[in-house]
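**Student:** Handing you a structure now.
The values are calculated or read from the model by the stated rules, or taken from the named source; none is laboratory data. Since we're looking at a predicted model, the values are computed, not measured. Note that we place each Cβ from the backbone using ideal geometry, even for glycine, and neighbour counts take in every protein chain shown.
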Amino acid sequence: MLDLIGTGFQRNLLYVVAGKNDPNGLAVKAELEEYYETEVAHSRLYQNFDRLIEKGLMEKGNIDRRANYYVLTDRGRREIDARREWENQYVAVPVVDQTPSGAVTADE
């Protein structure tokens with residue numbers, strides 16, 4: 001998967017597009033800027049969109065003459081699913097349980 005996606009930024013692009021309904025570039029940019037808490041350069045964003053499209057993980061369509069929308073391909077969805085399955089092998093979110101004494105504990 002790393003060869004297909006390349007960078008964490010590209011993976012995050014896939015995640016944002018997967019979580020939105022055919023977002024345009026500016027909507028994806030806004031989500032990433034909120035996550036990174038800094039401005040994302042247009043050139044960085046659109047170069048990475050192009051790379052993901054070239055790899056067959058994403059497609060773009062025209063909204064109008066000035067805007068495009070982005071959607072994952074089936075291959076892109078499979079790559080996200082594979083990544084999440086891999087992550088789940090190593091990162092488990094503990095279930096938090098409240099004991100009668102009021103102390104919070106995590107089940108393992």
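**Student:** Tell me, please, whether a residue that is surrounded by 15 or more Cβ atoms within 10 Å (Cβ to Cβ) and farther than 27 Å from Trp86 by Cα can be found in region 3-23.
**Tutor:** No.
**Student:** To continue, here is another question. Which residue is modelled with the highest pLDDT, if the candidates are limited to region 79-108 and must be surrounded by 14 or more Cβ atoms within 10 Å (Cβ to Cβ) and not aliphatic (A, V, I, L, M)?
**Tutor:** Restricting to residues being surrounded by 14 or more Cβ atoms within 10 Å (Cβ to Cβ) and not aliphatic (A, V, I, L, M), the top hit is Glu79.
**Student:** Still on this model: Take region 47-67 and flag every residue that is over 15 Å from the mean Cα position of the chain (by Cα) and surrounded by fewer than 16 Cβ atoms within 10 Å (Cβ to Cβ).
**Tutor:** Gln47, Asp50, Glu54, Gly56, Gly61, Asn62, Ile63, Asp64, Arg65, Arg66, Ala67
**Student:** List, please: which pairs have Cβ atoms under 6 Å, are six or more places apart or on different chains, and start with a residue in region 39-58 that is closer than 12 Å to Gly25 by Cα and end with one that is of a type in the set (Asp, Glu) and modelled with pLDDT of 95 or more?
**Tutor:** These pairs meet every condition: Val40/Glu33.
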